[in-house]
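Below: the structure, in structure tokens.
The values are calculated or read from the model by the stated rules, or taken from the named source; none is laboratory data. Just so it is clear, the structure is predicted and the values come from calculations on it, not from any experiment. Note that each Cβ is placed from the backbone with ideal geometry, even for glycine, and that neighbours are counted across all protein chains shown.
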């Protein structure tokens, strides 16, 4: 019991320190440095990229991003607009990429005839891209780049 | 009854004994103008958005849904109102549609869709009516504004240009075949071709 109290006290000393670690940095919030009593001038709403050109995936398991506009596409109990082009039956006519086979699997790995209910809501993973500058710099390094560096270092 | 008709017919058949031909012709002309003008004004009054959404069935369901779409608000401010898409512009077709619409008055009186639940239950049937109409008239109401001959494929997205320059151009498909649910939410699309 005494030990517990000690740990508690120790934590209460440490916690404010850990919290302050997150504070410095360029982007704290989308409000940036606007003072609390003022309204920040909103930025221009960027346009959705509508190029229809597939973008590279950053890692093999990345859900592909959507290269076209999806304004007013309904994905709900009644209908799934995405599937009117990307479903197995529709791809011949639409020439859109078919949803991958993993989408037909239930959680036990059984293949179903239609896309699995757990994969029904496309926008949970697949998103459109905006024509805008990123808020923070992306430091992501492709694993192939790392492997290349490694093999170069070994030589 | 038979006698009344007979007397009425004889009165019509007989030449006028009191009024001059001129008075009758001019009077008939003026009465005609008032009659026709009144009829058309009343007709046009029912052809406005305010009239449509004066019923809560329209205002709370379909009008609310329209508000989020590009046909309600967009960059250039051109917008489609209810009759632009749902009433033919040509007079004879318009009258035919208006006569059909008398059934909608019946529906209003008996509250066929007077709750959200009832509306949703009937949605598929209602949507199918409109799809059938637009399919039959080659999406005439779309084409009142969207003229195929003046479409610039180069300023369309690649996908759109491809489909418009093939299926639509050949007449194999019409607007409504692909553009269902552009102005209102969709019903259960199970079994609908192309979905």
Considering only residues that are more than 23 Å from the chain's Cα centre (by Cα) and surrounded by fewer than 16 Cβ atoms within 10 Å (Cβ to Cβ), look in the stretch B:175-195 and name the one that is nearest to the other protein chains (Cβ to nearest Cβ).
B:188
Only one of (1) modelled with pLDDT under 90; (2) within 14 Å of chain A (Cβ to nearest Cβ) does not apply to residue B:65, and that is (1)
Members of the stretch B:27-73 found to be part of a loop (DSSP other than H, G, I, E, B) and either over 19 Å from residue B:101 (Cα atoms) or in contact (Cβ under 8 Å) with a residue 24 or more places away in the chain (or both), listed by number:
B:46, B:47, B:48, B:53, B:55, B:67, B:68, B:69, B:70, B:71, B:72, B:73
In the stretch A:107-135, what count of residues is obtained for those that are under 22 Å from the mean Cα position of the chain (by Cα) and outside any helix (DSSP H, G or I)?
16
Those residues of the stretch B:126-159 which are under 21 Å from the mean Cα position of the chain (by Cα) and within 14 Å of chain A (Cβ to nearest Cβ), in sequence order:
B:126, B:127, B:128, B:131
How many residues are more than 9 Å from chain B (Cβ to nearest Cβ) and in contact (Cβ under 8 Å) with a residue 24 or more places away in the chain if we restrict to the stretch A:61-85?
8
Of all residues in the stretch A:38-60, which are more than 14 Å from chain B (Cβ to nearest Cβ) and in contact (Cβ under 8 Å) with a residue 60 or more places away in the chain?
A:46, A:55, A:58, A:59
For the stretch B:165-174, does any single residue satisfy the condition of being under 19 Å from the mean Cα position of the chain (by Cα) and more than 14 Å from chain A (Cβ to nearest Cβ)?
yes
Selection within the stretch A:76-117 - in contact with a strand residue (DSSP E or B) (Cβ under 9 Å, 6 or more places away or on another chain) and surrounded by fewer than 12 Cβ atoms within 10 Å (Cβ to Cβ)
A:101, A:111
Go through the residues of the stretch B:99-118 one by one and say whether even a single one is touching a residue at least 24 places away in the same chain (Cβ under 8 Å), over 22 Å from residue B:175 (Cα atoms), touching a helix residue (DSSP H, G or I) at 6+ places or on another chain (Cβ under 6 Å) and in a helix (DSSP H, G or I).
no
If I ask for residues that are surrounded by 10 or more Cβ atoms within 10 Å (Cβ to Cβ) and part of a loop (DSSP other than H, G, I, E, B), which ones from the stretch A:29-50 would you list?
A:30, A:31, A:32, A:34, A:40, A:46, A:47, A:49, A:50
